[in-house]
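See below for the structure under consideration.
The values are calculated or read from the model by the stated rules, or taken from the named source; none is laboratory data. Just so we're clear, the structure is a prediction, and the values are computed from it rather than from any experiment. So basically every Cβ, Gly included, is an ideal-geometry build from the backbone, and we count neighbours across all protein chains shown.
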Amino acid sequence: MAMKDHLETVVPDGAPSPVIVTLAPQTIARIKARKRQEKDKHHGGSDSRYSYSGTTYFIENFQYDDVEPSDAATFIDVFCDIAKGAGMTKTWVLLHPDGNYYVVRFDQNYIIRTLNFGPTRGIQSFKLAILGNYVP
């Protein structure tokens, strides 16, 4: 099954005209499936488990090593602009390399742009939470 088959349809912030990014990453690493659950360990070795939601979401690391300055600026803009991604607070839409649109949110509180020798830029590895499917 594909990632989209495990996700619900989600309405992003800014709907009906959300921010949509279509720049495909050059590297995707460490795709993690997650659920909103916790495990507490008790004295004596027993534990308790709590489920806050049955909904699945994914965490992916994206990286752009060699892109045009305007493309690198796209992610900086989405991250910094309070009307768009606002750091880790707001959701937006990403066209994933698997060909599907997903509602995502930054899953870390920083993003780093690199300056390459020559005319290109890069974006160091950053985490996105893939929260659900987006239907345009």
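General observations
- Per the listing Ile20, Ile31, the residue uniquely among the hydrophobic types (A, V, I, L, M, F, W, C) and closer than 14 Å to Lys127 by Cβ is Ile31.
- Matching option when the condition is closer than 28 Å to Lys4 by Cβ, at pLDDT below 90 and in contact with a strand residue (DSSP E or B) (Cβ under 9 Å, 6 or more places away or on another chain), among Asp107, Asp98, Asp71: Asp71
- Among the numbered conditions (1) free of Cβ contacts under 8 Å to residues at least 60 places away in the same chain; (2) crowded, with 16+ Cβ neighbours inside 10 Å; (3) more than 30 Å from Pro119 (Cβ to Cβ), the only one that Ala72 does not meet is (3).
- Any hit, segment 113-122, residues being surrounded by 13 or more Cβ atoms within 10 Å (Cβ to Cβ), within 18 Å of Thr22 (Cα to Cα) and within 12 Å of the chain's Cα centre (by Cα): no
- Output for segment 77-104, where each listed residue is over 24 Å from Thr9 (Cβ atoms) and surrounded by 15 or more Cβ atoms within 10 Å (Cβ to Cβ): Phe79, Gly87
- Odd one out for Gly122 among (1) of a type outside the set (Phe, Trp, Tyr); (2) more than 28 Å from Glu8 (Cα to Cα); (3) part of a helix (DSSP H, G or I): (3)
- Considering segment 1-13, and only residues there that are surrounded by fewer than 16 Cβ atoms within 10 Å (Cβ to Cβ) and touching a Ser or Thr at 6+ places or on another chain (Cβ under 8 Å), the residue that is farthest from Lys35 (Cα to Cα) turns out to be Glu8.
- Residue count for segment 29-45 satisfying the condition of being modelled with pLDDT of 70 or more and either among the acidic types (Asp, Glu) or exposed (fewer than 10 other Cβ atoms within 10 Å of the Cβ) (or both): 8.
- Picking from residues in segment 92-110 that are of a type in the set (Val, Ile, Thr) and touching a residue at least 60 places away in the same chain (Cβ under 8 Å), the one that is farthest from Pro25 (Cα to Cα) is Val103.
- Beta carbons closer than 7 Å, at least 6 apart along the sequence or on distinct chains, pair a first residue in segment 40-64 that is more than 16 Å from Ala129 (Cα to Cα) with a second that is of a type in the set (Val, Ile, Thr) and in a strand (DSSP E or B) for Tyr64/Ile123.
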